[in-house]
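Some notes on the structure that comes next.
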Amino acid sequence: MMLSRINDKQEIRQSNVLTEARFEMSATELDILFYLLSILKKDSETKKYQIPILELQNITQKEYQYTQLREATEKMGSRMYEYNLDNGDYLQIWLFSSCLYKKGLGIIEIELSEKIKPFLFDLRERFTSFRLYAALNMSSKYAKRIYTMLSQWKDKGVWKISIEEMKIRLKILDPKGKEPELYKQIVELKHRVLDPAISQINKYTELNVSYKLLKRGRKFQDIEFDIDVQNDKAVVDIDFNHNSEEQRCLKSLEEIGVVRKDIVSIIIKDESLRKKTFKWVYEWKLGKFGKVGNPAGLYLKTMGLV
């Protein structure tokens, strides 16, 4: 079955498989997914993409343990995404073919499944780099998910969804009834899910969002979101597409205090030195060298550059 790409005019009308799919991800899993979206390239035939753990930590301001990341990619790779297509077909897809943790380099190399790529590109085009950065900075997994949903409707300014469907998408409610429902009471849903999510979305993204719960009869049945886009809102802009390995290396050198232009030039032009730099800075971050008063000096000595 061929699924055509949607154009800009259809964007808010046509369903997005991953945005509207029913699944649950932890904040760490969503961090990996959002970073992956940021480095996808249309003109690349490869299905493999590298995620430097140190760079992910720098962006999110979080510390990730290897066990935490391995558990996250294991769950992401085994999780099935299910979706009812508009033509009546029922689709099941998986995200990864493989994940390779490169020992000593602090890099996760992810191979995407062939079927998932069109949907990832479709989702990626709903964001600009600064929005992906904003999504990475949010800590709530519900904020990250709800933000992707709201992004589909920002041009309309309003989005209405049933509480039941929202719960199903967030995996709070199992439509098959096999898992217990979470946050059954409206007050729980507000305090544990909606209020923290909207607070983070308003703080970190270009959207200003409010919501109201609507009754049908005596029971709250729907959520209506009012969405205001503020493109001049102070949001950090990072151009992932031009964030080359050389630039990442330069950023790492600046972080540890290596500033001499002649030395910096030697390092960033040498692939072997760049990889050693990523490894050294990653281990320094983990505290493997103990308390280091002069990280630049220790680094240069270790690398034999002084």
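The values are calculated or read from the model by the stated rules, or taken from the named source; none is laboratory data. This one's a predicted model, so the numbers in the text were calculated from it and none came from an experiment. Cβ placement follows ideal geometry from the backbone for every residue including glycine, while neighbour counts extend to all protein chains displayed. Remember, those area values only see protein heavy atoms, side chains included, never the ligands or the DNA or RNA. Shrake-Rupley method; radii C 1.70, N 1.55, O 1.52, S 1.80 Å.
Assorted remarks:
- Of the residues screened, LEU182 is not one that is open to solvent by less than 30 Å² (accessible area, probe 1.4 Å) and more than 24 Å from TYR49 (Cα to Cα).
- Screening GLU55 on (1) closer than 19 Å to PHE121 by Cβ; (2) modelled with pLDDT of 65 or more; (3) part of a helix (DSSP H, G or I) shows it passes everything except condition (1).
- Considering the stretch 282-306, the residues that are in contact with a Phe, Trp or Tyr (Cβ under 8 Å, 6 or more places away or on another chain) and closer than 17 Å to ILE53 by Cβ include one that is most open to solvent (accessible area, probe 1.4 Å), namely TRP284.
- Within the stretch 81-93, considering residues that are free of Cβ contacts under 8 Å to residues at least 40 places away in the same chain and in a strand (DSSP E or B), the one surrounded by the most Cβ atoms within 10 Å (Cβ to Cβ): ASN84
- Of all the numbered requirements in (1) touching a helix residue (DSSP H, G or I) at 6+ places or on another chain (Cβ under 8 Å); (2) under 19 Å from GLU109 (Cβ atoms); (3) surrounded by 14 or more Cβ atoms within 10 Å (Cβ to Cβ); (4) not acidic (Asp, Glu), THR60 misses one, and that requirement is (2).
- Within the stretch 94-123, the set of residues being of a type outside the set (A, V, I, L, M, F, W, C), in a strand (DSSP E or B) and more than 11 Å from GLN50 (Cα to Cα) comprises SER97, SER98.
- Within the set LEU105, LEU54, the sole residue that is more than 16 Å from LEU30 (Cα to Cα), hydrophobic (A, V, I, L, M, F, W, C) and open to solvent by 20 Å² or more (accessible area, probe 1.4 Å) turns out to be LEU105.
- Any hit, the stretch 17-29, residues being at pLDDT 85 or above and in contact with a strand residue (DSSP E or B) (Cβ under 8 Å, 6 or more places away or on another chain): no
- The single condition among (1) open to solvent by 30 Å² or more (accessible area, probe 1.4 Å); (2) in contact with a Leu (Cβ under 9 Å, 6 or more places away or on another chain) that GLN68 does not meet is (2).
- Filtered by the rule that a residue be open to solvent by less than 90 Å² (accessible area, probe 1.4 Å) and among the β-branched types (Val, Ile, Thr), the stretch 251-270 gives ILE256, VAL258, ILE263, VAL264, ILE267, ILE268.
- Pairs, first under 19 Å from GLY106 (Cα atoms) in the stretch 286-301, second open to solvent by less than 40 Å² (accessible area, probe 1.4 Å), C-beta under 6 Å, six or more apart: PRO295/ILE256; TYR299/ILE256; TYR299/TRP280
- Among the residues of the stretch 184-198, those that are over 15 Å from ASP222 (Cα atoms) and without any contact (Cβ under 8 Å) to a residue 40 or more places away in the chain comprise GLU188, HIS191, ARG192, ASP195.
- Meets criteria (modelled with pLDDT under 90, hydrophobic (A, V, I, L, M, F, W, C) and open to solvent by 20 Å² or more (accessible area, probe 1.4 Å)) for VAL236: yes
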